[in-house]
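**Q** To start, I am sharing the structure in question, which I have written as structure tokens.
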Amino acid sequence: MKYVKQLSIILGISFLAELLEILIPLPIAASVYGLVIMLVGLITKLIPLEKVETAADFLVDAMSIMFVPATVGIMASVDALKEMLLPICVITVVSTVLIMIVTGRVSQRIIRGQRNRDTAAGAADTDKEGR
Amino acid sequence: MNEILSQSIFFGIAITLVTYEIGLWIKQKTGKAIANPLLISVILIVAVLLLFHIDYETYANGAQYISIFLTPATVSLAVPLYRQLELLKMYPKAIFGGIIAGVLTAMVSIFALSLMFGLNHEQYVTLLPKSITTAIGMGISEKMGGIVTITVVVIIVTGILGNILAETICRLCKIEDPIAKGLAIGTSAHALGTAKAMELGEIEGAMSSLSIVVCGILTVISVSIFANFI
């Protein structure tokens, strides 16, 4: 019965999130509202982790399967896909590589800046171990 | 064939689970990112539907009951994120700074290239959420009027690409810090990239999975601005 209780919390939040999606005129999907509600619930301890953990881990684990039906729908979008095949390929490769480089370089610069300041302040530097 | 199957609910559910299981098996055998179970499952199902002249509607009739669990599964993403909250507290500047820079790069590069290729609004918003987790990306594409099925395919291809290229790019661009590596991989290639980050190390893996959700939420906000540009 553990699963029933845990699922009812998760599905209850999903329902609440759906209501928000309908009521709030923003282009945000229900799942995002639900994710934020759950996170706030966990942080404030209103929802204890162990009350949702098992079912949540299962759902996250099985999530990839849930994308299959929507993706099979590509059968109906073949024409639209053909029309933009070249832009899709170029945009996918270029932006993925750029995002990776920029995110990595920017965060690395911030981390190193922070570490240098820490060392300058004479703080014991234990972070270096991880490198 | 169609008439009999269109009355079946479990045809769509069963074929989805069985083909996904075959995909998992192939992935275990080969160990390659390109052998993605989701991709294999979709290819097998499309092949079966085409071969036996079965309509997509017949398949979706049952398969929709798998799709409805997507919202609760996305809600559940809060649980792994909550577990990594301690990490977020240690390097908030690096994490938010890096991910915001990455999200802006995504928006600007996709906008510029879409402009170059002369894409219309529908095609542009289809591609905007390409680097985030499918669960959030699908919702964005749908809400903005994109072609959801293409968004899903592009997101998966992005993930596979990021998974394959991650090590090379990090080496070439001298991204050496494990935290920076994890953030870079998770922000550019969501869950499929995270699988690679986990192989690189524990810190890389944790940072990458943290980026999936943070980047997803930040992308929701920025897409609602950038979507108006084309």
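The values are calculated or read from the model by the stated rules, or taken from the named source; none is laboratory data. If you're wondering where the values come from, they're calculated on a predicted model, not measured in any experiment. Cβ placement follows ideal geometry from the backbone for every residue including glycine, while neighbour counts extend to all protein chains displayed.
**Q** Does B:M138 satisfy being within 7 Å of another protein chain (Cβ to nearest Cβ), touching a residue at least 60 places away in the same chain (Cβ under 8 Å) and outside any loop (DSSP other than H, G, I, E, B)?
**A** yes
**Q** Please go through (1) of a type outside the set (A, V, I, L, M, F, W, C); (2) in the same structural domain as B:T134 (by TED's automatic domain parsing); (3) farther than 30 Å from A:V102 by Cβ for B:S41 and return the number of the only condition it doesn't satisfy.
**A** (2)
**Q** Are there helices (runs of 4 or more DSSP H) fully within segment A:36-129 with at least 2 residues that are more than 7 Å from chain B (Cβ to nearest Cβ) and either out of contact with any strand residue (DSSP E or B) (no Cβ under 8 Å at 6 or more places or on another chain) or surrounded by 21 or more Cβ atoms within 10 Å (Cβ to Cβ) (or both)? List them.
**A** A:53-61, A:78-83, A:85-120
**Q** Another question about this same structure. Can you tell me which of (1) closer than 27 Å to A:E18 by Cβ; (2) at the interface with another protein chain (Cβ under 9 Å from one of its Cβ atoms); (3) surrounded by fewer than 23 Cβ atoms within 10 Å (Cβ to Cβ) is the one B:V75 doesn't meet?
**A** It fails just one condition, (3).
**Q** Right, next: Would you check which residues across segment B:49-72 are closer than 30 Å to A:M38 by Cβ and more than 7 Å from chain A (Cβ to nearest Cβ) and list them?
**A** Here is the first cut: in segment B:49-72, the ones closer than 30 Å to A:M38 by Cβ are B:60, B:62-72.
B:G62, B:Y65, B:I68, listed by residue number.
**Q** Could you look through segment A:13-31, keep only residues that are of a type in the set (A, V, I, L, M) and part of a helix (DSSP H, G or I), and pick out the one that is surrounded by the fewest Cβ atoms within 10 Å (Cβ to Cβ)?
**A** Out of the qualifying residues, it is A:L23.
Yes/no matrix, rows are residues, columns are (1) more than 7 Å from every other protein chain (Cβ to nearest Cβ); (2) not in a helix (DSSP H, G or I):
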{"site": "B:L88", "(1), (2)": "yes, no"}
{"site": "B:G97", "(1), (2)": "no, no"}
{"site": "B:L113", "(1), (2)": "no, no"}
{"site": "B:V125", "(1), (2)": "yes, no"}
{"site": "B:K143", "(1), (2)": "no, no"}
{"site": "B:G146", "(1), (2)": "yes, yes"}
{"site": "B:T168", "(1), (2)": "yes, no"}
{"site": "B:R171", "(1), (2)": "yes, no"}
